[in-house]
Every structure is written in structure tokens, then in C-alpha cells.
Amino acid sequence: MSPSEKTVPVVSERDGAVAVLRLDRPDKKNALTAAMYAAIADAWRAAEADPEVAVHLWLGLPGAFSTGNDIEDFVAMTRTGALGGEILDFLRTLASLEKPLVIGVDGLAIGVGTTALLHADLVIASERSLFRTPFTDLGLVPEAASSLLGPRRLGHAVAFELLCAGVPFDAARAAAVGLVNRVVDAEALETTAWETARALAAKPRAALVAGRRLLREVPGCGRAEILARIEAEAAEFAARLASPEAAAAFAAFAARKK
Ligand code: COA
């Protein structure tokens, strides 16, 4: 079977008024490929257009929400010299959701597995979760508008620690700095995430969407600024992907696997 014939390991379905998306690539701890980004963006678009859907819920697997972009895909991008179109489409769609997004994290949340949380409305994490963005160590820069949303949400010092210094945050720290809303036992993670999503979905929908939009249209950090920042970061990211620093980091990751 060629890679293109394989099923994309993203499962999307609707349960009542909740559109759930599950990453399901256990062998790679939910590292995200171009095909997975495309499947996620398609699922979100469909859920946004579905009048039955009130809330998006995004889940990973036990022990791994996501380890971020697939490093082999990064290596492929160094040959094209551009950030994959699927990634950009995924990021623009994430930043443009109108319906609330609830994310449940159990375990590893690396790279975009952490920066995507800055776009969520409610994040539930298990106590064994770990949040880390090793952009600098990979010769890269923060993405997903985290260079804008991170300092706003966390303040510069904490955002720098997470996004530039690559310091891992455990669940308690992530909750203390406002990256996640609530920390629960790993066994309770999925139930709590579902309860959270269903409780939101039971509220008056138009009011929920209108309130969410108002909270998000903060001066200097509204949707237009977020989308513009995604593009600016992508240009820098593409330049960094072509750098000797990134090549050395990707080679070290490949060598580590053998
Ligand atoms: N891209 C590609 N493959 C990845 C991956 C990623 N982002 N994250 C994990 N994997 C793969 C590993 O290569 C390994 O594959 P293999 O079994 O074919 O060798 C498999 O997933 C399991 O991961 P492993 O490294 O064995 O698990 P671990 O518990 O020892 O370490 C991590 C987990 C997350 C610390 C480690 O996998 C890692 O550093 N991954 C890269 C994370 C990253 O830098 N992401 C990009 C952020 S911008």
C-alpha cells in the first residue's frame, strides 16, 4: 500500500451538538503530517458549516496529544523551500473558527501541539501532560501566531521561556500560567473534556458565538492581526527551515532514532 492509499489517522464525527476530532497515529505519538493537517482543516470547515454543531472538541490519544509537526515532513519542506500549504490552511482555519473549541490533552503536547492551545477556548489537561515547544533547538521560530498570542496570554517572560527557551511546562505550570483551564487525572481526561464540550453546547448558541467573537476581537490581537502574524511567522519559518541550524537538528533527530 502506498502512503497515499493509507487512511489518514484523523477521525472526525459528530456526537449530538459536539464535533469531535481525534488524532490517531499512535506509532508516531500523533506527529502531524500534511495529510493530517488537511483532514483536520476539512473536518473543522464541515463542522463550522453544520447547523447541528455547536462546539468543536479536539482529542489525542492516551499519553500523546501530539508531538507536533512530523520532522520528516519538515525535512521534505527544506527541499521545496516553503512551508507546506496544508499547514498554512490548517492554521488559518484554526484561527478562523467561529464556534468554541475545547481541547483535551493527555501526555505529550509538543510544538503545534502546544501552540494550537492558544487558539482554544477551554483546555483540559491530564496531570501527566507535558507542554514543550523546541523551536529554537530545531533552528526554527514560533508559529501558529504564538508569537502574538503567547505574550498576550502568558506575558513576555513566560512566553519567552516556553516559546524561545524551549523550557518544558508540566500540567501544573501550564495551568498556573493560563495555558490550560483545568487539570484532572489521566483517567478522567476524556470524560471531563466531553462534559465540558457538552455543557458549552447546551448553552444558547448565538449568544455563545457572539460572546466568543467579542472576547477575541481584542485591539491588536483580533482575527486579522492573528492571520497576518501566521503569514509573517511562516515566512521566517520557511527561511529557518532552509538554514544549516535546522538541517543539523533534523539530522540529529534522525540519527537518534537509529
Ligand atoms: N516527527 C516525526 N516522528 C516523530 C515525532 C515527530 N514530531 N515525534 C515522535 N516521532 C516518532 C519517533 O521518531 C518514533 O518513531 P520510530 O518508532 O519509528 O523511531 C515514535 O514517534 C515514538 O517516539 P519516541 O521518540 O520513540 O518516543 P519518546 O517517548 O522516546 O520521545 C519525544 C518522545 C516527543 C520526546 C520525541 O519523540 C521527540 O522529541 N519528538 C520530536 C518532537 C518535535 O521536535 N516536534 C516538532 C516540534 S516543532
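The values are calculated or read from the model by the stated rules, or taken from the named source; none is laboratory data. Everything numeric in this text was worked out from a predicted model, so none of it was measured. Virtual Cβ from ideal backbone geometry, glycine too; neighbours counted across all protein chains shown. Heavy atoms of the whole protein, side chains included, go into the accessibility calculation; ligands, DNA and RNA do not. Shrake-Rupley method; radii C 1.70, N 1.55, O 1.52, S 1.80 Å.
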For the chain, what is the accessible area per residue in Å² when the probe is 1.4 Å?
45 Å²
Residue-count net charge about D106 - beta-carbon cut-off 11 Å; Lys, Arg +1, Asp, Glu -1:
-3
Once you treat every alpha carbon in segment 34-173 as an equal point and sum by Debye, what is log10 I(q)/I(0) at q = 0.09, 0.10, 0.14, 0.15 Å⁻¹?
-0.26, -0.33, -0.66, -0.76
As I understand it, the dipole of the chain uses +1 on the Cβ of Lys and Arg and -1 on the Cβ of Asp and Glu, about the Cα centre. Which of L215, N30, T191 lies farthest toward its positive end?
L215
What translational diffusion coefficient, to the nearest whole µm²/s, does the chain have by Stokes-Einstein, given a Kirkwood radius computed over alpha-carbon pairs, a temperature of 25 °C and 0.890 mPa s viscosity?
133 µm²/s
Carbon plus sulfur fraction of accessible area for segment 1-135, probe 1.4 Å, in percent:
53 percent
So, counting K/R as plus one and D/E as minus one, what does the shell of residues with Cβ under 12 Å around A47 add up to?
-4
Regarding segment 32-83, what's the average projected area of the Cα-atom convex hull, expressed in nm²?
4.7 nm²
Total lysine pairs under 29 Å (Cα atoms) in the chain, excluding pairs fewer than 8 apart on one chain:
10
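Nearest 500 deg cm²/dmol is fine: what mean residue ellipticity at 222 nm does the chain get from its DSSP H runs of n ≥ 4 alone, each adding -39,500 (n - 2.57), divided by its residue count?
Numbers: 11 runs with 124 residues, N = 258.
Here the helix-only value at 222 nm equals -14500 deg cm²/dmol.
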Tilt, helix 34-49 to longest principal axis of the chain (alpha-carbon atoms), in degrees rounded to tens, equals 20 degrees
Of all DSSP beta bridges located in the chain, what percent are antiparallel, nearest 5?
30 percent
When the dipole is taken about the Cα centre of segment 44-137, and only Lys, Arg (+1) and Asp, Glu (-1) are charged at their Cβ, what size is it in debye, to the nearest 20?
200 debye
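G211: net charge of surrounding residues, Cβ under 13 Å, Lys/Arg +1, Asp/Glu -1, itself excluded? Please list the in-between numbers first.
Values: positive: K99, K203, R205, R212, R213, R216; negative: E98, D121, E217.
Summing Lys and Arg as +1 and Asp and Glu as -1 gives +3.
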With the dipole of the chain worked out from charges on the C-beta (+1 for Lys and Arg, -1 for Asp and Glu) around the Cα centre, which of G81, A255, S96 lies farthest toward the positive end?
S96
Could you run the Karplus curve 6.51 cos²θ - 1.76 cosθ + 1.60 with θ = phi - 60° over segment 86-100 and give me ³J(HN,Hα) per residue in whole Hz, x for Gly and Pro?
5, 5, 4, 5, 4, 5, 5, 5, 4, 6, 10, 4, 9, 8, x
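Counting Lys and Arg as +1 and Asp and Glu as -1, each charge on the Cβ, what is the dipole of segment 89-143 about the Cα centre in debye, to the nearest 20? Walk me through the intermediate numbers first.
Numbers: 4 positive and 7 negative charges, 5 e Å.
My answer is approximately 20 debye.
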Sorted by chain and number, the residues with a modelled amide H under 5 Å from that of V180, at a separation of 5 or more or across chains, are A175
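Shape verdict for segment 1-93, please, from the Cα gyration tensor: rounded (a/c under 1.5), prolate (a/b greater than b/c) or oblate.
prolate
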